[in-house]
1. Output the residue which, of all residues in the stretch 14-41 that are of a type outside the set (Gly, Ala, Ser), part of a loop (DSSP other than H, G, I, E, B) and more than 15 Å from the chain's Cα centre (by Cα), is farthest from Pro81 (Cα to Cα).
2. Condition (residue is among the polar types (S, T, N, Q), free of Cβ contacts under 8 Å to residues at least 12 places away in the same chain and not in a strand (DSSP E or B)) applied to the stretch 69-79: is it met by at least one residue?
3. Which condition number in (1) outside any strand (DSSP E or B); (2) free of Cβ contacts under 8 Å to residues at least 60 places away in the same chain; (3) closer than 25 Å to Phe4 by Cα is the one that Gly52 fails?
4. Assess whether Leu197 counts as being touching a helix residue (DSSP H, G or I) at 6+ places or on another chain (Cβ under 9 Å), crowded, with 17+ Cβ neighbours inside 10 Å and modelled with pLDDT under 95.
5. Answer with yes or no whether Gly30 is surrounded by fewer than 16 Cβ atoms within 10 Å (Cβ to Cβ), within 16 Å of Leu212 (Cβ to Cβ) and in contact (Cβ under 8 Å) with a residue 40 or more places away in the chain.
6. May I ask you to list the residues in the stretch 193-212 that are in a loop (DSSP other than H, G, I, E, B) and acidic (Asp, Glu)?
7. Within the stretch 96-109, is even one residue surrounded by 12 or more Cβ atoms within 10 Å (Cβ to Cβ) and either in contact with a helix residue (DSSP H, G or I) (Cβ under 7 Å, 6 or more places away or on another chain) or in a strand (DSSP E or B) (or both)?
8. Any idea which of Ala149, Ala159 is within 21 Å of Pro40 (Cβ to Cβ) and crowded, with 17+ Cβ neighbours inside 10 Å?
Amino acid sequence: MRSFPEQLDHLLLGMSDRDSGIAWFQGQTGVRAAIGGSHPGRGTRNALVALGGRQYLEIIAPDPDQPADNLQMNLRSLREPRLIAWAAITTDIEALARRVREQGTAGVVTQDGSRSRPDGRVLKWRTLAVKNDLARAEVDPIPFFIEWASDSPHPSQDAPAGCQLGAFEFEHPDPKRLESTLLTLGIDAAVREGTDLRLVATMNTPKGRIVLR
């Protein structure tokens, strides 16, 4: 079991347009995210930045080359960049799914995923999502878990470097309930009380310290 926030695999920074997200992030940090690729059937495409170690930031936005009905995230309504979700790492997603179900958590869904990189290499993974009622609007504080295929390189290995994740925190109107739900998933994280739900990431960048929310 990794300690939090080492359990974090990647952050999802939602945008209504990927290229605008790349330009915005470069203006804030001095690092230009690299185009990752599209997620077939999910309606999204992304760009990536390494955050040090085995962690990265994913700028995620609607893919105009996919049908609008494919989009499974509320991204088109975003007027500015926002942290909307995060992924936690696991090395045995089936065992994790069994453990979570045995604890009485309903709505556990596993799914295969893939995307083709610009160089033609296909990345593959499996995810586990836990349905919950702690989300607000487009932001979900409960992670989805990801297990990367053994023959897939981790995106942090060759994504543009220069940024370092300093801290990752939560704000929620019901902090105790969020803390308790995270703990049932093996994540021991403190949550600050706030009027709104926010995921808060502090990063050190070539242009200094920034905070993403």
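The values are calculated or read from the model by the stated rules, or taken from the named source; none is laboratory data. Everything numeric here is computed off the predicted structure, so don't read it as measured data. Cβ atoms come from the backbone with ideal geometry, glycine included; neighbour counts cover every protein chain shown.
1. Filtering the stretch 14-41 for residues that are of a type outside the set (Gly, Ala, Ser), part of a loop (DSSP other than H, G, I, E, B) and more than 15 Å from the chain's Cα centre (by Cα), the one farthest from Pro81 (Cα to Cα) comes out as Pro40.
2. no
3. Going through (1) outside any strand (DSSP E or B); (2) free of Cβ contacts under 8 Å to residues at least 60 places away in the same chain; (3) closer than 25 Å to Phe4 by Cα one by one, Gly52 breaks only (2).
4. Here the answer is no, as Leu197 does not meet what is asked.
5. Taking the combined requirement at face value, the residue satisfies it.
6. Asp196, the sole residue that qualifies.
7. Scanning the stretch 96-109, I find at least one residue that is surrounded by 12 or more Cβ atoms within 10 Å (Cβ to Cβ) and either in contact with a helix residue (DSSP H, G or I) (Cβ under 7 Å, 6 or more places away or on another chain) or in a strand (DSSP E or B) (or both), so the answer is yes.
8. Going through Ala149, Ala159 in turn, just one is within 21 Å of Pro40 (Cβ to Cβ) and crowded, with 17+ Cβ neighbours inside 10 Å: Ala159.
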